[in-house]
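K.L.:
Structure provided below as structure tokens; questions to follow.
The values are calculated or read from the model by the stated rules, or taken from the named source; none is laboratory data. Quantities reported herein were computed from a predicted structural model and do not represent experimental measurements. All Cβ positions, even for glycine, are placed from backbone atoms using ideal geometry, and neighbour counts span all protein chains on display. Quick note on the areas: whole protein, heavy atoms, side chains included, nothing else; ligands and nucleic acids left out. Shrake-Rupley method; radii C 1.70, N 1.55, O 1.52, S 1.80 Å.
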Amino acid sequence: MNKIIAVCMLTLLTSVSVLSQKVNGDVKNGEKLFKDNCTACHALDRKLTGPALKGIVTKLTEEGADVGWIQKWIMNNEALRKSGDKRANKIFEENNQIAMDVFEGRLSEQNIDDILAYLENPPVPTQEVTPVVVEKKTSNDLNYILLSFASIGVILIFTLIKVNKLVKLKTSSAELTELESTRIKNFSQFYVQYKGVLYALVTLLLALSFYGVWAWLMGIGVDKGYAPDQPIYFSHKIHAGENKINCQLCHSGAKYGKVSEIPSLSVCMNCHRNISEYTGKYIEPGKSKEFYTAEIKKIYEHIGWDEENQKYTGKQNPVKWERIHNMPDFVYFNHSQHVVAGEKTIIANYNKKNPNHQIDVVCKACHGSIDTMNVVRMANDFTMGWCVDCHRTTEVDMNNGYNAAYFNKLHEKLKKEYGEDKSKITVDAIGGLECGKCHY
Ligand code: HEC
Ligand code: HEC
Ligand code: HEC
Ligand code: HEC
Ligand code: HEC
Ligand code: HEC
């Protein structure tokens with residue numbers, strides 16, 4: 001009987017946990033909805049009838065609004081204004097009292113989340129923005145080709161050995177008919193004549209397959225500690241550490257999207273249009289002010305910024321950042337699930353486990369103290385065991401809005417049933433160990 005109840009609860013809980021993804025949206029669908037409903041009055045990067053909307057969630061939340069407010073505004077701005085909401089009326093005044101359409105009945109809440117996700121991470125770069133190129137460590141397709149080369153090579157060697165044996169055996173056999181023996185003689189001659197070519201082919205295939213295996217091992221083996229050189233010597237210690245720049249200013253995707261993303265050069269230019277030289281006190285051993293300044297100039301080269309005349313030349317050459325963290329394609333990992341829904345408990349749990357190393361920013365629980373790194377290095381091994389370990393030991397945040405209503409009831413029930421000790425609900429209890437949650 002208890003078992004049945006437990007199973008029922010688990011099913012209930014897993015269906016509830018879908019709610020925790022509420023801020024997530026489907027960027028593709030969002031793009032379509034935006035084009036269909038909003039582009040008459042809004043563009044991403046410039047003002048039309050309404051304000052530019054790229055990154056609007058970040059902008060408004062920085063100004064103190066919450067996501068709920070933005071959703072309400074889009075759903076029915078008129079009602080919001082009539083309710084006396086100050087912010088809503090202020091925007092209306094600032095935009096010459098032009099009323100925005102009401103979307104109640106036309107868009108669902110999910111539709112709006114999709115649009116917001118798109119506005120945070122519009123995938124297609126506009127002309128002013130250089131695309132962000134992130135190189136993958138190895139290409140899987142190449143590996144398949146190389147592996148098939150390897151198998152062909154092995155089969156060829158096998159056949160050669162067999163043929164070799166056959167040639168020796170058959171020519172010495174007395175029982176052969178004349179016809180067969182001439183055939184075999186011809187074949188032996190052919191074989192002797194072209195042996196060299198065959199061996200050369202086999203050697204080539206073997207060399208290729210060794211290369212394949214090596215490349216594959218490189219891709220799989222490097223994990224914790226992986227810290228490749230980057231085309232621009234960008235130091236997190238100088239940006240996030242010395243200058244205390246918030247991680248999410250550059251990696252804004254972490255909050256609303258599946259991926260964090262590397263910022264585009266136009267984000268760099270927000271500051272580096274004015275910061276063209278390094279004048280900081282901190283200098284890493286072996287580096288110099290001149291070195292740092294030269295690295296800043298690389299931004300200008302790549303984005304095509306003419307420093308002297310303070311204008312863009314239009315000549316761009318995207319930076320090819322080397323990708324460091326890279327889960328296999330069959331793994332589903334979502335930043336916002338961890339950065340928004342899991343933020344409080346992940347920080348609390350980390351600090352409990354590491355009394356000598358307290359963190360304030362959730363990113364550090366997984367990425368380590370990036371703000372002390374000149375070169376980003378993988379701080380954990382990012383394996384399945386690592387994910388599962390944390391899900392087993394990290395409690396779910398009962399008060400994070402999404403979970404609160406449902407879990408509080410359940411929490412009480414569990415307390416009654418199992419006693420005070422076992423009343424903690426860890427991520428595994430809400431489905432965090434189910435294969436399908438992390439694998440497609
Ligand atoms: C008929 C024109 C029109 C359409 C269509 C429209 N908007 Fe607006 N929107 C405006 C105007 C004008 C404002 C400025 C506020 C005002 O004057 O009421 C605005 C303001 C906003 C704001 C607040 C921006 C800020 O800087 O505070 C958001 C968010 C927004 N719109 C999202 C959307 C979305 C999403 C859609 C499509 C689903 C959409 N709008 C469709 C005209 C429009
Ligand atoms: C000023 C912009 C900026 C800030 C602020 C910033 N980053 Fe970055 N981050 C970058 C750039 C550019 C890269 C790519 C180059 C590199 O790897 O250093 C990057 C790379 C990374 C990577 C590795 C990405 C990969 O390829 O796997 C992680 C993880 C990361 N940042 C986390 C953080 C965290 C955590 C913080 C806050 C403590 C932070 N970043 C603050 C710009 C920034
Ligand atoms: C929020 C402002 C801001 C943004 C955004 C920003 N930087 Fe910086 N950057 C700084 C400051 C501040 C310094 C230190 C300047 C000093 O101390 O003189 C700096 C220094 C640098 C340096 C020299 C030191 C080092 O890290 O090697 C480079 C190179 C650099 N930035 C590259 C970038 C790149 C590339 C981007 C975009 C991915 C970027 N910055 C985005 C503020 C910013
Ligand atoms: C629960 C662990 C966890 C937390 C917390 C976390 N990350 Fe990540 N991060 C990951 C994993 C796992 C990947 C690899 C994702 C992939 O390859 O699909 C990753 C990848 C990245 C990347 C590389 C680009 C990408 O999205 O794949 C950046 C940049 C990054 N994280 C920044 C951040 C920042 C900034 C924060 C805090 C706001 C943060 N992360 C919080 C686990 C985490
Ligand atoms: C530092 C701890 C930590 C690590 C490491 C971690 N997670 Fe999580 N994860 C959480 C927490 C906490 C939640 C629950 C958030 C909530 O809804 O309150 C969660 C939730 C999830 C969920 C949603 C579960 C559900 O039932 O809705 C998925 C999927 C997930 N994580 C995947 C991963 C993957 C894949 C990795 C490894 C690449 C990983 N996580 C690593 C702490 C972690
Ligand atoms: C919390 C997230 C999470 C859950 C739950 C999870 N996996 Fe994984 N799994 C991962 C990650 C991350 C990797 C990639 C590890 C790597 O690249 O080193 C992985 C890799 C794998 C692999 C490839 C082999 C390997 O170890 O690299 C298999 C097979 C696999 N998982 C099966 C399963 C099965 C079966 C279940 C259910 C019992 C499951 N996983 C549940 C996160 C998860």
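K.L.:
Yes or no: His272 open to solvent by 30 Å² or more (accessible area, probe 1.4 Å) and not small (Gly, Ala, Ser)?
P.N.:
no
Conditions tested, residue by residue: (1) open to solvent by less than 30 Å² (accessible area, probe 1.4 Å); (2) within 16 Å of ligand 1 (Cβ to nearest atom); (3) within 18 Å of Cys247 (Cβ to Cβ).
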position	(1), (2), (3)
Tyr278	no, no, no
Lys287	no, no, no
Ile296	yes, no, no
Gly342	yes, no, yes
Pro355	no, no, no
Gln358	no, no, yes
Gly368	yes, no, yes
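K.L.:
Within the stretch 298-329, how many residues are surrounded by 13 or more Cβ atoms within 10 Å (Cβ to Cβ) and on the phi > 0 side of the Ramachandran plot?
P.N.:
Looking only at that region, the number is 1.
K.L.:
Now, a different point. Mind listing just one residue for me: the one in the stretch 32-54 that is of a type in the set (Lys, Arg) and assigned to a loop (DSSP other than H, G, I, E, B) and, of those, farthest from ligand 3 (Cβ to nearest atom)?
P.N.:
Of the residues in the stretch 32-54, the ones of a type in the set (Lys, Arg) are 32, 35, 46-47, 54.
Applying the additional criterion that residues be assigned to a loop (DSSP other than H, G, I, E, B) yields 46-47, 54.
Numbers: Arg46: 21, Lys47: 23, Lys54: 16 Å.
Per the stated criteria, the residue is Lys47.
K.L.:
Continuing with this model, one more query. Go over the candidates Gly84, Gly105, Gly55 one by one and state the one that is modelled with pLDDT of 85 or more and either within 24 Å of Ile430 (Cβ to Cβ) or within 16 Å of ligand 4 (Cβ to nearest atom) (or both).
P.N.:
Answer to the selection: Gly55.
K.L.:
Based on this model, can you work out whether Thr39 counts as hydroxyl-bearing (Ser, Thr, Tyr), loosely packed, with under 15 Cβ neighbours inside 10 Å, farther than 20 Å from Gly253 by Cβ and touching a residue at least 40 places away in the same chain (Cβ under 8 Å)?
P.N.:
No.
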